[in-house]
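Derivation of every value follows stated rules applied to the coordinates shown; laboratory data play no part. Bear in mind the structure is a predicted one, so any value in this text is a computation, not a measurement. Note that each Cβ is placed from the backbone with ideal geometry, even for glycine, and that neighbours are counted across all protein chains shown.
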Amino acid sequence: MHKVFGVVVAAVLLSTETGGGFADADLPEVSSDFVEAAAVSSERSQIDVASLLAAARGAAPIICSLAAQSLRGWGWGDGGDAPATPLAVTVSLRDFEGRDTPLPSSDVELLLSSLSSEDPCVREISVRILGRKSSPAVTAGLITRLTSGSPALREVAALGIGLSEPESAADPLLRALRDQVVNVRANAAWALGKMEIGRALNPLMDMFRDNSAIVRHAAVTAVGNLDSTRAAATLIRVVRQDESPVVRRAAAWALGQLEAREAVEALAGVLAQDADPRVREMSAWALAEIESSSAASSLLAAARRDADDRVRETAVWALGQIEESTAADALAQIAVNDKSTRVRGTAAWAIGQMRDDGGKAPAALAQLLKDENADTRLKAAWALGQIGDSSMIRAIRDALKTERNQQVNKALIRALLKSGERSEAALSELLDSKDPQVREAAVRGLAGRSSFNPWPWPQPRPRPFI
């Protein structure tokens, strides 16, 4: 049993590590090490591939099939339609139309009873399947176990309710917020937020004073999902004062999620002073969500001086989001001088958002067309297309002579035409190019179709969600 279920768990972890799918990253962890570990890094440890392959050897086909699905994800383009794979027959929890398939009552009972297993892997797999199979029998079974004498069973029952989201479980979850066990309180808070139970707001805010950082984190995140600015003042206190950086980060996220304009001053202070870069990063993101121009000076200060690349990039992105055109010249300097290629590229994107056709911005973007990083060059070319400055035509034409990246070339052609290039010689050169992608982009551009297909919209990264 350890071996076959271990295949599924290892595969799920590997799929998260390799970007294979979302793995409920907003669930409160059961380990007390979570808060301190998350304050240092949000990245998961690398999977032990040798152990994974050893566990897979000889596993039952049904287990192997579920594990393989977790690696390839769901939907079109995931390789699920390949004509021949090592497993002759695969199984799924969904039917051909992508709907969850019903389970026989005997299987539901087996899964519910397995929530009491001594093996945590069995409990994990059982609750994940039950969480996808909302039915009166599943709901009743989970609610009954929420009052069990076993802390582990109450914990997994709260998790299952949060996954299946039955409205009838709201009152039992509210009572579970007073449980003596940390993980039960945390899972109950998380479930109430996921279910968006509005009357849970006050009880959840009371939990901001819980002794456990795991519980406080779950409660703060839940409140952020309830869409009520009544929590803003309390969240401001948390983002300023909570001893855990993970909880402060969650509070900054919640204030941004709620678009709490009264939090601008507090978030600006956190952005300038918090010791943890992840908290500062989230504060910059939240200020962008609130879209207050009064935050521009604080964001610009962070974009110029913060020691952490992620904070500077998010601050630059935020300035682009609020389209603070007065910051265009400063962003131009950042675009040229920042040591991080990601910051430089996002600064170029932000300038394009503002469509500022004066000052230092166009010349800085032209300089970025020579950047070592293709993504940065792409964003600079796109931004020049947004601005449409005719004085940049020569720089764009020069870049086209040396650029080898097809996507960047498309953006350069768009920028060239948007900037007013109409000379017969230049257009003939594009139309006579040996590169079919260049010829196609030129034809589309001349036909007035500036959104060349496919058009690589240059979105910045990261978006610092929890």
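All of 260, 266, 219, 284 fail the test of being surrounded by 19 or more Cβ atoms within 10 Å (Cβ to Cβ), in contact with a helix residue (DSSP H, G or I) (Cβ under 7 Å, 6 or more places away or on another chain) and within 26 Å of residue 182 (Cα to Cα), apart from 219. Counting the residues of the stretch 219-243 that are in contact (Cβ under 8 Å) with a residue 40 or more places away in the chain and within 25 Å of residue 170 (Cβ to Cβ) gives 1.
Residue selection: residue 229 satisfies the criterion of being within 27 Å of the chain's Cα centre (by Cα), surrounded by fewer than 19 Cβ atoms within 10 Å (Cβ to Cβ) and under 17 Å from residue 258 (Cβ atoms). Within the set 165, 155, the sole residue that is surrounded by fewer than 19 Cβ atoms within 10 Å (Cβ to Cβ) and charged (D, E, K, R) turns out to be 165.
Would you mind stating whether residue 114 is of a type in the set (S, T, N, Q) and touching a Ser or Thr at 6+ places or on another chain (Cβ under 6 Å)? It would help to see each step written out before you state the result.
On the way: of a type in the set (S, T, N, Q): yes; touching a Ser or Thr at 6+ places or on another chain (Cβ under 6 Å): yes.
Spelling it out, residue 114 is indeed of a type in the set (S, T, N, Q) and touching a Ser or Thr at 6+ places or on another chain (Cβ under 6 Å).
Restricting attention to the stretch 271-281, the residues being surrounded by fewer than 24 Cβ atoms within 10 Å (Cβ to Cβ) and outside any loop (DSSP other than H, G, I, E, B) number 4.
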